[in-house]
Amino acid sequence: MRKPAVAGQFYPNSRDKLYDFFNSIKFFQERQNSYGLIVPHAGYIFSGETAFKTFYSTEIHDLVIILCPNHRGVGKPIGVSFEDWETPLGVINTDKKIASFIVEHSDAEEDELSHKFEHSLEVQLPIIQFFKPNVKIVAISIGTLNINSTNTIVNVIENVCKENKCLPVASSDMSHFVPAKIAETLDSKVIEKLKILDSDGMLKTVIDNNISMCGVGPAYVVTKLAKKLGAKKGEVIEYTNSGKVTNDYSDVVAYLGMRFV
């Protein structure tokens with residue numbers, strides 16, 4: 001069992017407090033079937049509403065495949081968790097059959113170390129549980145930008161999603177620790193590529209402009225995957241930054257919620 005690592009730090013550590021937070025969010029967006037999402041992963045005070053709104057905007061299927069970055073750089077380059085995950089809202093079961101299929105047919109490896117303390121996937125789980133209590137997940141950490149290896153993940157998840165109703169999710173924040181205006185300028189270049197499902201162009205934009213988008217690997221996979229599954233465009237649900245909470249716009253982290261439809 002993968003126990004919570006950041007409950008009480010990044011998000012509330014009780015069912016009641018989580019429900020109070022979720023129910024306080026005033027938002028309406030017509031739900032659509034989506035071929036993938038990009039959601040942020042900071043503390044809920046900064047980006048929880050953006051993540052919540054993005055999940056709200058889509059139909060959440062019985063299987064959610066979540067791809068996250070590896071902030072600590074430990075474990076395998078592409079690590080798949082086989083453990084079930086505990087949150088203050090209960091246990092989310094891992095679909096071990098799907099996890100095994102992904103490991104067998106890609107460059108991913110079974111690995112718990114890359115997930116043990118990683119917050120960027122954990123923070124999504126209570127939101128998913130709120131909307132879909134009996135959901136199953138597959139958790140994949142991407143710590144490499146090896147395109148050949150990453151494309152094996154795209155291909156195997158495409159096969160999974162063609163055989164099962166599933167929602168691919170990329171966990172990523174956008175620009176880090178720059179003035180808000182610079183973040184908006186840089187991130188707009190990335191967002192324009194995401195809107196047209198140009199995964200290779202998005203990656204090139206991040207590299208060429210030295211954009212500190214921590215989940216570029218997961219975003220690359222989900223954008224490319226969404227296009228292969230039939231998405232026509234990426235829609236911005238919300239773009240915001242930490243300055244709107246701290247009132248300090250000189251040094252922000254930026255957050256994007258996007259669905260591919």
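For segment 61-77, give me each residue that is over 15 Å from the mean Cα position of the chain (by Cα) and either of a type in the set (A, V, I, L, M) or buried (at least 22 other Cβ atoms within 10 Å of the Cβ) (or both). Passing the criteria: only VAL74.
Within segment 95-117, the set of residues being in contact (Cβ under 8 Å) with a residue 60 or more places away in the chain and either among the aliphatic types (A, V, I, L, M) or crowded, with 20+ Cβ neighbours inside 10 Å (or both) comprises ILE98, HIS115.
For (1) touching a helix residue (DSSP H, G or I) at 6+ places or on another chain (Cβ under 7 Å); (2) β-branched (Val, Ile, Thr); (3) under 14 Å from ARG259 (Cα atoms); (4) buried (at least 17 other Cβ atoms within 10 Å of the Cβ), each residue gets a yes or a no:
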| residue | (1), (2), (3), (4) |
| --- | --- |
| SER141 | yes, no, no, yes |
| VAL160 | yes, yes, no, yes |
| VAL190 | yes, yes, no, yes |
| MET202 | yes, no, no, yes |
| ILE207 | no, yes, no, no |
| VAL216 | yes, yes, no, yes |
| ALA226 | no, no, yes, yes |
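Answer yes if at least one residue in segment 228-240 is polar (S, T, N, Q) and either in a helix (DSSP H, G or I) or more than 21 Å from PHE52 (Cα to Cα) (or both), and no otherwise. Quick ask: steps written out before the conclusion?
At the first step, the residues of segment 228-240 found to be polar (S, T, N, Q) are 240.
This time we only want the ones that are either in a helix (DSSP H, G or I) or more than 21 Å from PHE52 (Cα to Cα) (or both), so: none.
No: zero hits.
Listed by first and then second residue, the pairs linking a residue in segment 1-28 that is surrounded by 12 or more Cβ atoms within 10 Å (Cβ to Cβ) to a residue that is β-branched (Val, Ile, Thr) and part of a loop (DSSP other than H, G, I, E, B), with Cβ atoms under 8 Å apart and 6 or more places separating them unless they lie on different chains, are VAL6/VAL123; PHE10/VAL123; TYR11/VAL123.
Within segment 29-60, how many residues turn out to be crowded, with 18+ Cβ neighbours inside 10 Å, in contact with a strand residue (DSSP E or B) (Cβ under 8 Å, 6 or more places away or on another chain) and outside any strand (DSSP E or B)? Spell out how you get there, then give the answer.
First, the residues of segment 29-60 that are crowded, with 18+ Cβ neighbours inside 10 Å: 34-42, 44, 46-58, 60.
Still in the running and in contact with a strand residue (DSSP E or B) (Cβ under 8 Å, 6 or more places away or on another chain): 34-42, 44, 46-51, 53-55, 57-58, 60.
Okay, now just the ones that are also outside any strand (DSSP E or B), so 34-35, 40-42, 44, 46-51, 53-55, 57, 60.
Summing the residues that are crowded, with 18+ Cβ neighbours inside 10 Å, in contact with a strand residue (DSSP E or B) (Cβ under 8 Å, 6 or more places away or on another chain) and outside any strand (DSSP E or B) in segment 29-60 gives 17.
Of all residues being polar (S, T, N, Q) and touching a helix residue (DSSP H, G or I) at 6+ places or on another chain (Cβ under 9 Å) in segment 147-158, which is nearest to GLU59 (Cα to Cα)? Just the residue, please.
First, pick out the residues of segment 147-158 that are polar (S, T, N, Q): 148-152, 155.
So of that shortlist, the ones also touching a helix residue (DSSP H, G or I) at 6+ places or on another chain (Cβ under 9 Å) come out as 150-151, 155.
On the way: THR150: 26, ASN151: 26, ASN155: 23 Å.
Top of the filtered list is ASN155.
When PHE22 is tested against the conditions (1) within 14 Å of the chain's Cα centre (by Cα); (2) closer than 24 Å to ALA254 by Cα, the lone failure is (1).
Bear in mind these aren't lab numbers, they're just calculated from the coordinates by the rules spelled out. Just so it is clear, the model here is predicted, and its values are computed rather than measured. Here the Cβ is made from the backbone with ideal geometry for all residues, glycine too, and neighbour counts use every protein chain on show.
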